[in-house]
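Following: one structure in structure tokens, then a few remarks.
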Amino acid sequence: MLRVLAALPALPLLATANPALAQTAATLATVNTGDTAFMLLCAVLVLLMTIPGLALFYGGMVRKKNLLAIMAQSFGLCALITVVWIVAGYSLTFGNGNAFIGDFSRLFLSGMGWTEPFTLGAGTGADLPMTVPEPVFMFYQMTFAIITPAVVTGAFADRMRFSAMLMLMTLWSLVVYAPIAHWAWAPLGWQNAMGVADFAGGTVVEVNSGVAGLICALVLGRRLGYGRDNMAPYNLAYAVIGASLLWVGWLGFNAGSAGSAGGRAAMAMVATQAAASAATLGWLALEWWRAGKPTVLGAISGAVAGLVAITPASGFVLPGAALLIGLIAGAACYVVVTEVKPWLGYDDSLDAFGVHGVGGAVGMLLTGVLAYGALSASTERPLGAAIGGLHQFGVQALGVLAAATWSAVATWVLLKIVDATIGLRVSEEDERRGLDEVLHGESLV
């Protein structure tokens, strides 16, 4: 088995449109200032998805007594994961390493140049030249590493200690996020070598965060009064503003994954807008039919479901296929959130699994069916790196299964470690009082 996996890098590499994987094999002599400016702008847009986007989105959907606490988690994780990424996360993710994990060559970003174009995987025989300097690539990828654990917090909203969250996510970013991102996007990563098509994070960000969120919700247990007390969102206006920032930021999330300001980035942006719009309408249509009224919460939930689902597909599908992906994702996520979750009885507070886990899996699998080869064609792969069909569907399914399995098992182990050391959940009395006052000594007037 190890010999087979060691040979994976020799297989034809998938030219995914993640920045590391979107360039041709041509040697690039100078930094392209247009591509650099584009990537810097996209990195800022992705950072805005966490602060203030996700902070407002999640903050508006919890109860008033926990609003500051959930915002503090997004804000705190932005700072925490930045440090973790600089110290070791980037190196473990994009260091050459092997098929499973990177190395320590970039600890504290040592050896990183800034005046010349960056080549990912230099010296491996699977070199991927880029048109931007390494700090641009590093920063862009850092914003992905930040938002992924921030998404997970929605599953355990209202009941985890802030200190436990910080400890858990420090470990999680190194043990769970870094390996899965390496598999998918590093030149020697085994999923990349096998041909898994993940344009901007269907497994790395979405399936990973959704499954981890579900495990967190199951291990912590349900909130006090779940299914009995009124847990309606405190301020949907905040949530709408947050969802709007997520929508706009997602254009940079997906288009920036092309790695350059070109036609594929433009097509990814069109696909992203199409899927988000279709999913919004799909969710609202089902809700209107089932519940009698289209709600604001349904609209923003549907939009995020579409954005999630198109993430792996955006650089591989045409606009018509993007509309279909959005419609299917909106419907699938609606059913899981409104029917499956109540039936099973788990308390995924803000539906991290129901939207991100399910939507990400839907998007990954549909990429295997709907991928249009010409969008990922290159000199080395004139027919395209990903072509929809039975084979690609099977490859995609394996990618989803592997990411979900590692995320579930590793997250469960880390939760048990944190619980055994500092404890995971606040006391029942503190949960009733609210985390704003108990954990942060503050409250909304």
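All of the numbers you see were taken from the coordinates with simple rules; none came from a lab. Nothing here was measured: the structure is a model prediction, and the numbers come from that model. Heads up, the Cβs are rebuilt from the backbone with ideal geometry, glycines too, and the neighbour counts pull from every protein chain shown.
Please find the FRET efficiency linking V44 to S443, where r is the Cβ-Cβ separation and R0 is fixed at 45 Å, and quote it to the nearest 0.05. Mind dumping the intermediate values first?
On the way: r = 32 Å, r/R0 = 0.71.
Efficiency, rounded to the nearest 0.05: 0.90.
Quick check: Cα centre of segment 223-255 to Cα centre of segment 259-285, how many Å?
Segment 223-255 and segment 259-285 have Cα centres separated by 20 Å.
Sort 293-304, 308-319, 192-203, 404-415 by the packing proxy (mean of other Cβ within 10 Å over each peptide's residues), most packed first. Walk me through the intermediate numbers first.
Working: 293-304: 20.9, 308-319: 31.0, 192-203: 28.4, 404-415: 18.8.
The packing order, highest mean first, is 308-319, 192-203, 293-304, 404-415.
Translational diffusion coefficient of segment 19-427 at 37 °C, 0.692 mPa s, Stokes-Einstein with Kirkwood Rh over Cα pairs, in µm²/s as a whole number. Working shown, then result.
Working: Rh = 20.8 Å.
Rounded, D is 158 µm²/s.
Take each complete run of DSSP H in the chain, measure how far its Cα atoms stretch along the helix's own axis, and keep only those covering 27 Å or more with mean Kyte-Doolittle hydropathy at least -1.0; list them. Don't jump to the answer; show the numbers that get you there.
On the way: long enough: 134-152 (28 Å, 1.29); 236-255 (28 Å, 1.48); 263-291 (41 Å, 0.60); 390-421 (47 Å, 1.15).
Span-like helices in the chain: 134-152, 236-255, 263-291, 390-421.
With a 10 Å Cβ neighbour count serving as the proxy for reagent exposure, in which order, fewest first, do C333, C78 appear?
Numbers: C333 30, C78 19.
Starting with the residue having the fewest Cβ neighbours, the order is C78, C333.
Taking amide H positions as placed in the peptide plane 1.01 Å from N, state which residues far from L120 in sequence (5 or more) or on other chains have amide H under 5 Å from it.
Amide H to amide H, under 5 Å and 5 or more residues apart or across chains, L120 pairs with L128, M130.
Within 10 Å of each residue's Cβ, count the other Cβ atoms and sort D229, D351, D127 from fewest upward.
Details: D229 11, D351 23, D127 14.
So the residues, fewest neighbours to most, are D229, D127, D351.
Can you figure out the FRET efficiency of S427 with V340, using R₀ = 51 Å and their beta-carbon distance, to the nearest 0.05? List each step's numbers first, then the result.
Numbers: r = 31 Å, r/R0 = 0.60.
The computed FRET efficiency comes out at 0.95.
Let me have the relative contact order for segment 19-427, percent, based on Cα pairs under 8 Å that are six or more residues apart.
Details: 887 pairs, mean separation 88.7, N = 409.
About 22 percent, as a whole number.
Run the helix sum for the chain: -39,500 (n - 2.57) per DSSP H stretch of 4+ residues, divided by residue count, reported at 222 nm to the nearest 500 deg cm²/dmol.
Values: 19 runs with 247 residues, N = 445.
Counting only the DSSP helices, I get -17500 deg cm²/dmol.
Hey, if you put +1 on the Cβ of every Lys and Arg and -1 on every Asp and Glu Cβ in segment 158-255, which of L188, T203, L224 ends up farthest toward the positive end of that dipole?
L224
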